[in-house]
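Peer 1: My questions all concern the structure below.
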Amino acid sequence: MKTAILWFRNDLRLYDNPALKAALDAAEEIVPVYVIDDRYLEKDRWGFVRTGPYRLQFLLESLTDLKDHLQEKGANLLIKRGTPEVILPELAREYQAGAIFAAKEYAHEEIKMEKALADNHDLRLFHSSPLVHPDDVPFAVDKTPDVFTAFRKKVEKYAEIRPAIPTPGTVVTPGLPDTPVPTYSDLGMEKVPADERGVLAFKGGAVAGDDRLDHYLWGSDAVATYKETRNGLIGADYSTKFSPWLANGSMSPRTIYHELERYEQEVTKNKSTYWVKFELLWRDYFKYVTMKYGRKIFFPGGIQDKSVSWRNNDKQFGKWQNGETGDDFVDANMRELKKTGFMSNRGRQNVASYLVHQLKQDWRKGAAWFESQLIDYDVCSNYGNWMYAGGVGNDPRDRVFNTKKQANQYDKDGAYRKLWL
């Protein structure tokens, strides 16, 4: 075909991008486009803006980086605002495109979008987000094990990780108008100042993601002690911090995996380097759970169909939201989230447990607040982890965290609580 549309979604990179490669193989020229979907700038059922200021800033930086990279390859990036179901068919007609190429997504809303497009157009979808390609797992997706350990053991034993796809040398596009990356005010949002207490000055885009990967492995050797430090609370290097770049796809999990393999060959291979791969598999697992269960990941009883009567107390929820519960460990973590858009994994488990088990509030409301605030929000991981916390997900046991005990264990000297309170 002469022309194809390349619709960027959560795959904001040129390296290891299956949809980009397929589009370039199939067409003489491509029209790269990103659609800022108005629905994600609106408020949700709980009254939270779905894309809060931290993730929005990270997205705009990532789009700037992607646009720069495309221009280096002799191309450009169209940036549109609206809904993909309306805009992409219009572009396909305008450029007489034979097909629309895009990354596959796995949650209900995104699939609905794909179906609406596929009804009237040749839509070709590619798996850009998982580490392990769905064709390579040793079971049908609808037979994904309901316990992570069973999933991990099968995948580790039988699945190969595919090599990353090289960055194309050139990208040929028709004459495209230059559409600038919008600003906060263009989108009706206010920029929030950076808080110097944040663990890292996260910057969107593939270049910053590569820099972080390089630093964590080769610059600092922090990866070699990841298993010992991963429950930390203060500073940049207690954990990988790869999640924001993975979430919008400005970094691919295969890139991390293969770089880790190289590090293991050239520097050291130990429990810590393995544990980063282990965490990448957890990320994959929640994608497979979403593929298997669809809309159920958003239901009050989760994938277990549990009958639970959740409370809805706005006053209590507001105190949790703002870090004013009176539990100093919970409050410190919630204030860090609100001021920076990030929170440690240890913190996330504690605040979720507190909301669900101490306050008996609907876990979905907590998940929606995280969606609004987190710089690294990923629908599958977010809802998978919150179901887990709510006792309605991939763990038959109710995991209740004793936040006082956790604070004494992970913040012995109180430095983290002092920092945020």
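Where a number appears in this text, it was derived from the coordinates with a stated rule and is not lab data. Worth saying up front: this structure is predicted, and the values here are computed from it rather than measured. Here Cβ is always computed from backbone atoms with ideal geometry, including for glycine, and neighbour counts include all displayed protein chains.
Peer 1: Could you list, in their original order, any pairs among Lys21/Lys292; Lys191/Lys287; Lys154/Lys203; Lys277/Lys306; Lys2/Lys115 whose Cα atoms are separated by more than 29 Å?
Peer 2: Values: Lys21/Lys292 27 Å; Lys191/Lys287 31 Å; Lys154/Lys203 36 Å; Lys277/Lys306 32 Å; Lys2/Lys115 24 Å.
From the list (Lys21/Lys292; Lys191/Lys287; Lys154/Lys203; Lys277/Lys306; Lys2/Lys115), the Cα-Cα distance tops 29 Å for Lys191/Lys287; Lys154/Lys203; Lys277/Lys306.
Peer 1: Using alpha carbons only, how many degrees (0 to 90, rounded to 10) separate the axis of helix 253-266 from the longest principal axis of the chain?
Peer 2: 70
Peer 1: Further, regarding this structure: Enumerate the calculated ³J(HN,Hα) couplings along region 61-76 in order (Karplus 6.51 cos²θ - 1.76 cosθ + 1.60, θ = phi - 60°), each rounded to whole Hz, writing x wherever the residue is Gly or Pro.
Peer 2: 5, 5, 5, 4, 4, 5, 4, 4, 5, 5, 5, 4, 8, x, 10, 7
Peer 1: Could the peptides 377-385, 159-167 be put in order, highest first, of the mean number of other beta-carbon atoms found within 10 Å of their residues?
Peer 2: On the way: 377-385: 23.3, 159-167: 14.3.
My ranking of the peptides, most packed first, is 377-385, 159-167.
Peer 1: So how tilted is helix 363-373 from the main axis of the chain? Cα-based, degrees 0 to 90, rounded to 10.
Peer 2: Computed tilt is about 60 degrees.
Peer 1: Which order, highest average first, do 231-241, 347-357 follow once you tally other Cβ atoms within 10 Å for each residue and take the mean per peptide? Could the numbers behind the result be given before it?
Peer 2: Details: 231-241: 18.2, 347-357: 23.3.
Going by the mean number of other Cβ atoms within 10 Å, highest first, we get 347-357, 231-241.
Peer 1: For Lys271, go through the lysines and keep the ones whose alpha-carbon is under 17 Å away, minus same-chain ones fewer than eight residues off.
Peer 2: Qualifying lysines at Cα under 17 Å: Lys153, Lys227.
Peer 1: Quick check on region 185-240: take the gyration tensor over C-alpha atoms, sort the square-rooted eigenvalues as a ≥ b ≥ c, and tell me if it's rounded (a/c under 1.5), prolate or oblate.
Peer 2: Details: a/c = 3.47, a/b = 1.79, b/c = 1.94.
Oblate, since a/c reaches 1.5 and b/c is not below a/b.
Peer 1: Based on the alpha-carbon gyration tensor of region 299-420 and its eigenvalue square roots a ≥ b ≥ c, which shape applies: rounded if a/c is under 1.5, prolate if not and a/b is larger than b/c, or oblate? Kindly include the intermediate steps, with their values, before the conclusion.
Peer 2: Numbers: a/c = 1.61, a/b = 1.50, b/c = 1.07.
Prolate.
Peer 1: How big is the gap, in Å, between the Cα center of region 4-33 and the Cα center of region 62-114?
Peer 2: Result: 9 Å between the Cα centres.
Peer 1: Could you tell me what percent of the DSSP beta bridges with both partners in the chain are antiparallel, to the nearest 5?
Peer 2: Working: 1 of 21 bridges.
Around 5 percent antiparallel, to the nearest 5.
Peer 1: Ranking request for peptides 110-117, 195-202: highest mean number of other beta-carbon atoms within 10 Å first, then the rest in descending order. List each step's numbers first, then the result.
Peer 2: On the way: 110-117: 16.6, 195-202: 14.6.
In decreasing order of mean packing, 110-117, 195-202 become 110-117, 195-202.
Peer 1: Would you kindly derive the ³J(HN,Hα) couplings of region 183-190 from the backbone phi angles with the Karplus curve 6.51 cos²θ - 1.76 cosθ + 1.60 (θ = phi - 60°), listing them in order in whole Hz, with x for Gly and Pro?
Peer 2: So the Karplus estimates, Gly and Pro as x, are 9, 3, 5, 4, 9, x, 10, 9 Hz.
Peer 1: Further question on the same structure: Give me Asp37, Asp210 sorted ascending by neighbouring Cβ count inside 10 Å, so fewest comes first. Kindly include the intermediate steps, with their values, before the conclusion.
Peer 2: On the way: Asp37 20, Asp210 17.
If I rank by nearby Cβ atoms, fewest first, I get Asp210, Asp37.
Peer 1: For region 321-341 and region 250-290, compute the distance between their C-alpha centroids and round to whole Å.
Peer 2: Region 321-341 and region 250-290 have Cα centres spaced 30 Å from each other.
Peer 1: Which ³J(HN,Hα) values in Hz, rounded to whole numbers, follow from the phi angles of region 166-176 under the Karplus curve 6.51 cos²θ - 1.76 cosθ + 1.60, where θ = phi - 60° and Gly and Pro get x?
Peer 2: x, 5, x, x, 9, 10, 8, 10, x, x, 10
Peer 1: Something else: Among residues other than Asp186 whose Cβ falls under 13 Å from its Cβ, what is the net charge (Lys/Arg +1, Asp/Glu -1)? Spell out each step's value before the answer.
Peer 2: Numbers: positive: Lys80, Arg81, Lys191; negative: Asp38, Glu190.
Net local charge, Asp186 excluded: +1.
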